[in-house]
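Quick note: the coordinates plus some simple rules give every number you see, no bench work behind them. Given the structure is predicted, the values throughout are model-derived calculations rather than measurements. A quick note on method: Cβ atoms are made from the backbone with ideal geometry, for glycine too, and the neighbour counts reach across all protein chains shown.
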Amino acid sequence: MSDPAWILGIESSCDETSIALVRNGHEIRSNLISSQVDLHARYGGVVPEVASRRHIEVISPLVAEAMAQAQLGWEDLAAVATTRGPGLAGALLVGMMAAKAISWARGIPLIGVNHLAAHIWANKVADPQLEPPFLCLLVSGGHTSLVIVRGPDDMLEIGRTRDDAAGEAYDKIGRLLDLGYPGGPVIDRLAPGGDPRAFDFPRGLAGPGHPADSADAFDFSFSGLKTAVRRVVERHRLSGIPFRVEDVAASFQAAVVDVLAQKTVAAARAHGLEVVAIAGGVAANRGLRSRLERECAASGWRFSCPPFELCTDNAAMIAGLGYELWARGQRDSLDMAATSRWPVGTAPPSP
């Protein structure tokens, strides 16, 4: 389209409220994020009701601030895109009600967006030259999957986690090591200072006991790894044997990264894809990013990863994918329902 199309994006699926203004799917004019990390840190994880209340408190001022920063008026907007799911039901409803109010009051289209698909599409927002098809490793606090991306509305999940997601495992090990919440970024910072061979932690659903041609060849499992780390730490603490937290962090991260990288490379080869992307909060992990970058370079493939600010939950990715869906004619009604569970690549469940 030749005319500029500004999309207002709203993200409130978990514990971050974000508002963004994005033109034509990639030109980000504003992308504001109100984080609740400090609010939930005392609980060691996200408390849904607390998250919803904070979203209510900050969302209207954040919309006004984002519009002012972008120097845009309501008349400039082509549509409003909002996260429909998956996520915490109460948190989703706050963002959706704000989007519906704007859509109704301003007479502009309402676009419901899959949060996971938007994480994946953040690669395209950051790099307009990136073209499907490509394989994306989606890794976040609640999801770990491998997705073949054929278009903004055409994605196929070929592998998924059977239990804990990678980000969830990071946070649980972070709590075990008294590193606070969220634990993932701290472990990533500590890992380079430790010995990744200090502890031989298991690689779930990988290795000679898991054939590459099995039906679940590209699935993930991190619960066994999490249990193994807990047993090692508890054994050392009970016996009084000292250990370096950096060594545990490095060994744990090596186990996670090994499985994620090996499965991603195997899936790309199996499906004949030479472009590999990464998305989600754990995509900000430097150990994982550097490992996948090396693996792709060794195979002569292109590797794509969003900048750090587009890895965690943000509204620019919602607006970016929302633009593509709007341009393809998607229009959602004001009775659109929130969807707590919505696998990527599937139609939203009926109310």
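Things to note:
- Proximal aspartates and glutamates to K100, defined as alpha-carbon separation beneath 17 angstrom and excluding residues fewer than eight positions away on the same chain: E11, E75, D332, D335
- For the chain, the relative contact order works out to 25 percent when only alpha carbon pairs closer than 8 Å and six or more residues apart are counted.
- Applying a DSSP loop filter and a limit of 12 other Cβ atoms within 10 Å to the chymotrypsin sites (Phe, Trp or Tyr not before Pro) in the range 11-108 leaves Y43.
- GNM remark for the chain: springs join alpha carbons under 10 Å apart, and the peak mean-square fluctuation among L135, L310, L238 falls on L238.
- For the chain, the longest piece that avoids every one of the trypsin sites (Lys or Arg not before Pro) found in DSSP loops with at most 11 other C-beta atoms within 10 Å covers 43-196.
- The C-alpha atoms of the range 131-308 occupy a region whose extents along the principal axes are 53, 35, 29 Å, arranged from largest to smallest.
- Think of the chain as a dipole: +1 on every Lys or Arg Cβ, -1 on every Asp or Glu Cβ, centred on the Cα centre; then among H40, V248, V282, V248 lies furthest on the positive end.
- Modelled spin labels at E293 and V50, positioned 7 Å past Cα toward Cβ, are 3.5 nm from each other.
- Scanning residues 5 or more positions from G280 or on other chains, those with amide H under 5 Å from its amide H are V139, with H placed 1.01 Å from N in the peptide plane.
- Residues T264, T227, T83, arranged from fewest to most other Cβ atoms within 10 angstrom of their Cβ, appear as T227, T264, T83.
- Backbone geometry of the range 132-149 corresponds, through the Karplus equation with coefficients 6.51, -1.76 and 1.60 at θ = phi - 60°, to 3J(HN,Hα) couplings of x, x, 8, 9, 10, 8, 9, 10, 8, x, x, 9, 9, 7, 10, 10, 8, 9 Hz, x marking Gly and Pro.
- Lysines whose Cα lies under 20 Å from that of K172, excluding same-chain neighbours fewer than 8 positions away: K226
- Within the chain: Cβ-based charge dipole about Cα centre, in debye rounded to nearest 20 (Lys, Arg +1; Asp, Glu -1): 620 debye
- Each of R189 and E65 was given a label point 7 Å from its Cα along the Cα-to-Cβ line. The distance between the two points is 2.3 nm.
- Anisotropy class of the range 232-337 from Cα gyration tensor, a/c 1.5 cut: oblate
- What separates the Cα centres of the range 333-349 and the range 127-194 is a distance of 22 Å.
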